[in-house]
Amino acid sequence: MLMFSALYCVAEAEEMNVATQTDLSCLHVNTKEIIFFFDSPAYTSVSATSHKVYGPATVQVVCLDCGEILSEETVDYAEEFRPHSMKKGQCALCGYREKNQMSQEQRKDDPGERTLFAQEDTEIDGLLFLTLSREDLAALNNSNVTTALIRGNSGNVAIALEVKKVLTQTWEAEADIYLELAEREDGSFFAAVNLVSRSGEEIDPDREGINLRFYREAYADVRVSLAPVSNGTIVETKGVWDEHGYWSVQYQEEGTYFILQ
C-alpha cells in the first residue's frame, strides 16, 4: 500500500510538471518591431513634435510577453518616426527649433510623459493650436511615451492624451488629431479636440484617453464647470486630484472649463 501511494505521488507530480510547462509556454501573441540603427543614421524633421530616422539597421521582432527575440535581420534601409530630443528649444538630433522657445518654461515630466508646446495662432489672439499626425503619435508610442502633455506658455494647464488610445483612434478614423487651447486670465481654460481626416472632415473623438490637467501648488477642494460652445448652458463636471500636483478633468467637448475653489 505504501509503495502504491509513492508511485501515485510520483505520477501525479510528473503530470503537474507537464501541465505547468504547457501553461507557461508563450504563444508570442503580442510582438514589437525594434530597430537598431547603425552609427550616424540620418534625421529629417517632419513636424513640430517628431522627426524621421533612417538608414542601415538591424531589425528585431521581440515578444512583449516573454522577451524572446523571434527574428532578426540586417537591412540596408529602415525608417522610424521618433519624437524630437529637445534641449534649450532645439532638437539635438535633427536641428528643429521651437518658434517661441524663449517664453516657455518646462515642468519636469514624470516617467512616461512628454511635454509638447502648442503654437500661437496668428489670426486669433491668445489661441494656441497643435496637430499630431498618426506618425507623430506612433513616434511617441515607439519611444515608450504613455502620456503626451500639450501646453501653452504658462504651463499651468495642459491637455493630456493617452498615446496608445489616441493612436488607435487616429488609425481607425484615418485622421490626425487637432487641438486648440487658450488659458484665460481668470484661470479658465478653453479646449477643443477633434480628429481631422485628410479631406478636412472633423470627427468628434472618443473622450476616453483625453483629459485636462489643472496644476496647483497644494490640494484644495474645487468645483469644475464647463461652458460648451454648442450651447449656453453651464454644466458641472468632476475633477480628480493627483498627488503629482494637479486636478485631472475628463475632456467632455469643445468649450471653456472653469475650476473654482
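The values are calculated or read from the model by the stated rules, or taken from the named source; none is laboratory data. All values derive from a computational prediction rather than experimental measurement. As a convention, Cβ positions derive from the backbone with ideal geometry for all residues, glycine included, and neighbour counts pool all protein chains shown. Heads up: the accessible areas ignore ligands, DNA and RNA and are worked out on the full protein's heavy atoms, side chains in. Shrake-Rupley method; radii C 1.70, N 1.55, O 1.52, S 1.80 Å.
With a Cα-only, solvent-free Debye model of region 108-167, what are the log10 I(q)/I(0) values at q = 0.15, 0.16, 0.22 Å⁻¹?
Debye intensities relative to I(0), on a log10 scale: -0.46, -0.52, -0.87.
Exceeding 27 Å between C-alpha atoms, which entries from my cross-link table qualify? They are LYS87/LYS164; LYS87/LYS238; LYS32/LYS88.
LYS87/LYS238; LYS32/LYS88
Once the cut-off is 25 Å, how many percent of the Cα-Cα pairs in region 104-259 end up in the long-distance tail?
That tail contains 26 percent of the Cα-Cα pairs.
By average Cβ neighbour count within 10 Å, what is the ranking of 252-260, 208-216, 115-123, 85-93 from highest down?
Peptide ranking by packing, descending: 208-216, 252-260, 115-123, 85-93.
For region 57-72, take each phi angle, set θ = phi - 60°, evaluate the Karplus expression 6.51 cos²θ - 1.76 cosθ + 1.60, and give the result in whole Hz per residue in order, putting x for glycine and proline.
Working through the residues one at a time gives 6, 9, 10, 10, 10, 10, 6, 6, 8, 10, x, 5, 7, 8, 7, 8 Hz.
How much accessible area does GLU73 have with a 1.4 Å probe, in Å² rounded to the nearest 10?
Probe radius 1.4 Å; accessible area of GLU73 about 110 Å².
By the scheme Lys and Arg +1, Asp and Glu -1, what is the net charge of all other residues having a beta-carbon under 12 Å from that of GLY209?
0
Would you mind pulling out the separation of the Cα centroids of region 159-191 and region 202-256, in Å?
What the calculation gives is 12 Å, centre to centre.
Tell me what the chain gives for mean residue ellipticity at 222 nm when only DSSP H runs of n ≥ 4 count, each as -39,500 (n - 2.57), the sum divided by the residue total, rounded to 500 deg cm²/dmol.
Dividing the helical sum by the residues of the chain leaves -5500 deg cm²/dmol.
What percentages make up the Cα-Cα pair-distance distribution of region 41-163 when the bins are 10 Å wide from 0?
Reading the bins upward from 0: 12, 37, 32, 13, 5, 0.
According to the Cα gyration tensor, what semi-axes, each the square root of 5 times an eigenvalue, does the equivalent ellipsoid of region 160-224 have, listed from largest to smallest in whole Å?
Over the Cα atoms of region 160-224, the ellipsoid semi-axes are 28, 14, 8 Å.
Might you report the magnitude of the Cβ-based charge dipole of the chain about its Cα centre, with Lys and Arg at +1 and Asp and Glu at -1, to the nearest 20 debye?
Result for the chain is approximately 780 debye, rounded to the nearest 20.
From the P(r) of the chain, could you give the percentage of C-alpha pairs in the tail past 34 Å?
34 percent
Viscosity 1.567 mPa s, temperature 4 °C: what is the translational diffusion coefficient of region 26-66 from Stokes-Einstein with a Kirkwood Rh over Cα pairs, rounded to a whole number of µm²/s?
Calculated translational D: 106 µm²/s.
Please give the net charge around LYS165, taking every other residue with its beta carbon less than 13 angstrom from that of LYS165, where Lys and Arg add +1 and Asp and Glu add -1.
-2
Give me the net charge for the shell around CYS63: Cβ to Cβ below 14 angstrom, other residues only, Lys and Arg +1, Asp and Glu -1.
Counting the neighbours of CYS63, the net charge comes to -3.
Could you order peptides 235-247, 48-60 by the average number of other Cβ atoms within 10 Å of their residues, highest first?
With the highest mean Cβ count within 10 Å placed first, the list reads 48-60, 235-247.
With springs connecting C-alpha atoms under 10 Å apart, model the chain as a Gaussian network and identify which of SER143, SER248, SER71 has the largest mean-square fluctuation.
Judging by the Gaussian network model, the answer is SER71.
If the chain between SER25 and ASP186 were fully stretched, how many nm would it gain, using 0.36 nm times the residue separation less the Cα-Cα distance?
52.1 nm
By how many nm would the segment from ALA227 to ALA42 grow when fully extended, if each residue of separation counts as 0.36 nm and the alpha-carbon distance is taken off?
Value of the extension gain: 61.9 nm.
Please list, ordered by chain and number, the residues whose modelled amide H lies under 5 Å from the amide H of HIS84; skip anything fewer than 5 residues away on the same chain.
The list, which skips near neighbours in sequence, is SER50, HIS51.
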